[in-house]
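One structure below.
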Amino acid sequence: MLRGMPGSPGHLYRGRIRMFRCMSGTQRSCRLPRLRRTMVTNLVYTFFCFWIADFVLQSRRIAENKSKNFNILVEHIIIVTCTLFVTLLVITDVKTAGNISIVNGASHLIIDFITSRITTYFYINNKIHAFFTTIGFDQFLHASILIWTVQFFIGGPQ
């Protein structure tokens, strides 16, 4: 077949380039699935971005000292806020990414200012269950604010 003819490699079919042949041999049965952006996909992506920002990019120095040194806590918040901003640009515009990042950064500062001191107290006093319970509650608060900000600023179908 000639290049560009229906059924040939590289044929433009309904706006998608087909670079493979279907096992059944028919174009109709080989439509590429399109990922719909819904509230759930936006949230899953945002949680992934937050995980990178809050865990992967948090060094041991920051984790161990943010409860004792406000400047280190601010460094952590800057990392979280900037990482969220840059990664959210994949699914939204600059203004929306900025709004979500700033609200989450500000709330993150307040939450971590309190919870990092509580977890340090529990860790030093070997109250491991209370230590992990506090970390879990900390993450619950962060997740709640992420859900609210994505719903408020991005919206979308439920």
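The values are calculated or read from the model by the stated rules, or taken from the named source; none is laboratory data. Since the structure is predicted, the reported quantities are computational estimates derived from the model, not experimental observations. Neighbour counts are summed over all protein chains in view; Cβ atoms, including those assigned to glycine, are modelled from backbone coordinates with ideal geometry.
Which of the residues belonging to segment 120-157 are farther than 23 Å from residue 98 by Cα and not in a helix (DSSP H, G or I)?
Those that are farther than 23 Å from residue 98 by Cα and not in a helix (DSSP H, G or I): 125, 126, 127.
Is one or more of the residues making up segment 36-51 modelled with pLDDT under 85 and either part of a helix (DSSP H, G or I) or of a type outside the set (D, E, K, R) (or both)?
yes
Looking only at segment 66-106, count every residue that is small (Gly, Ala, Ser) and surrounded by fewer than 18 Cβ atoms within 10 Å (Cβ to Cβ) and tell me the total.
Looking only at segment 66-106, we keep the residues that are small (Gly, Ala, Ser), and these are 67, 97-98, 101, 105-106.
Narrowing the set further to residues that are surrounded by fewer than 18 Cβ atoms within 10 Å (Cβ to Cβ) leaves 98, 106.
Number of matching residues: 2.
Specify the residue that is surrounded by the fewest Cβ atoms within 10 Å (Cβ to Cβ); the eligible residues are those in segment 115-130 that are within 26 Å of residue 46 (Cα to Cα) and in contact with a Phe, Trp or Tyr (Cβ under 9 Å, 6 or more places away or on another chain).
Checked segment 115-130; the qualifying residue surrounded by the fewest Cβ atoms within 10 Å (Cβ to Cβ) is 115.
List every residue pair whose Cβ atoms lie under 7 Å apart, where the two residues are 6 or more positions apart in sequence or sit on different chains, the first residue falls within segment 64-77 and is at pLDDT below 95, and the second residue, located anywhere, is surrounded by fewer than 17 Cβ atoms within 10 Å (Cβ to Cβ).
67/117
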